[in-house]
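Novice: Would you mind keeping the following structure in view while I ask a few things?
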Amino acid sequence: MSLTLQLATTHDVADIVSLRNATSAHLTAQYGAGPWSSGSTEKGVLFAMKTAKIYIARDSANRPIAMLALSTKKPWAIDRKYFSPSKRPLYLTAMAVAPDEQGKGIGQLCMEEACRIAREWPSDALCLDAYDAEAGAGEFYRKCGFTEVGRTVYRNCPLIYFEMLL
């Protein structure tokens, strides 16, 4: 299986909102309310496009199946002291896979593409955080080859910091 992530444009905003909200609703239905339950808005995605590059993947029917956002700007919730020193870190600030596409390797392919994009950026590290809860993706990022470098609590939920040095 292959996956192509394309740089999103303003024409993709509604699809990104729909995908993120479907993923959030799925997590909330499966694990209960938590920080992952907040919805996305078109205004929020447009704002994110100012500070991050958002990528979208579509299936053969042009349906959005995955998205991710990469930024050189450190998200305010990330504490840099936990990460290895790097001159050009890149941050994964958002990722979503359509609920009916989960478990098919699409998330893994997204992370492989994120690493490829980061190397071409050029970046020397890919950094991210994940909730350490049932709805969190900590185990997923470990399986993708990321290293846990720290822990904290955010919105009353344990948070894990991960990095991949490139």
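The values are calculated or read from the model by the stated rules, or taken from the named source; none is laboratory data. On a predicted model such as this, the values are computed, not experimentally measured, just so you know. So basically every Cβ, Gly included, is an ideal-geometry build from the backbone, and we count neighbours across all protein chains shown. The protein model used for the area step is the full one, side chains on, heavy atoms only, and it has no ligands, DNA or RNA in it. Shrake-Rupley method; radii C 1.70, N 1.55, O 1.52, S 1.80 Å.
Novice: If you count the DSSP beta bridges with both ends in the stretch 21-157, what percent of them are antiparallel, to the nearest 5?
Specialist: Antiparallel bridges: around 80 percent, rounded to the nearest 5.
Novice: How much area per residue is accessible in the chain when the probe is 1.4 Å and only protein heavy atoms are counted (Å²)?
Specialist: 53 Å²
Novice: State whether the stretch 19-86 is rounded, prolate or oblate according to the following rule on the C-alpha gyration tensor (a ≥ b ≥ c being the square roots of its eigenvalues): a/c under 1.5 gives rounded; otherwise a/b larger than b/c gives prolate, and the remaining case gives oblate.
Specialist: Oblate is the answer for the stretch 19-86, as a/c is 1.5 or above yet b/c matches or exceeds a/b.
Novice: Rounded to the nearest 0.05, what FRET efficiency do T41 and E112 give with R0 = 25 Å and r taken as the Cβ-Cβ distance? Could you check?
Specialist: Plugging the Cβ-Cβ distance into 1/(1 + (r/R0)^6) gives 0.25.
Novice: Could you give the alpha-carbon Rg of the stretch 27-158 over 2.2 N^0.38 Å, rounded to two decimals?
Specialist: Normalised by 2.2 N^0.38 Å, the Cα Rg of the stretch 27-158 equals 1.05.
Novice: Could you tell me how far the Cα centroid of the stretch 52-99 sits from the Cα centroid of the stretch 103-138, in Å?
Specialist: 7 Å
Novice: A further question on this structure: Would you check the chain for Lys pairs whose C-alpha atoms are within less than 20 Å, ignoring same-chain pairs closer than 8 in sequence, and give me the count?
Specialist: The result is 11.
Novice: In nm², what is the average projected area of the convex hull enclosing the Cα atoms of the stretch 127-166?
Specialist: Hull-based average projected area comes out at 2.6 nm².
Novice: Using a 1.4 Å probe on the protein chains only, how many percent of the accessible area of the chain belongs to carbon and sulfur?
Specialist: 51 percent
Novice: In the stretch 53-108, how does Rg compare with the Kirkwood Rh, expressed as the Rg/Rh ratio over alpha carbon atoms?
Specialist: 1.09
Novice: Mind giving me the FRET efficiency for N156 and K53? R0 is 25 Å, r the Cβ-Cβ distance, nearest 0.05 is fine.
Specialist: 0.20
Novice: Which value in deg cm²/dmol, rounded to the nearest 500, describes the helix-derived mean residue ellipticity at 222 nm for the chain, given -39,500 (n - 2.57) per DSSP H run of n ≥ 4 and division by the residue count?
Specialist: Rounded to the nearest 500, it is -9500 deg cm²/dmol.
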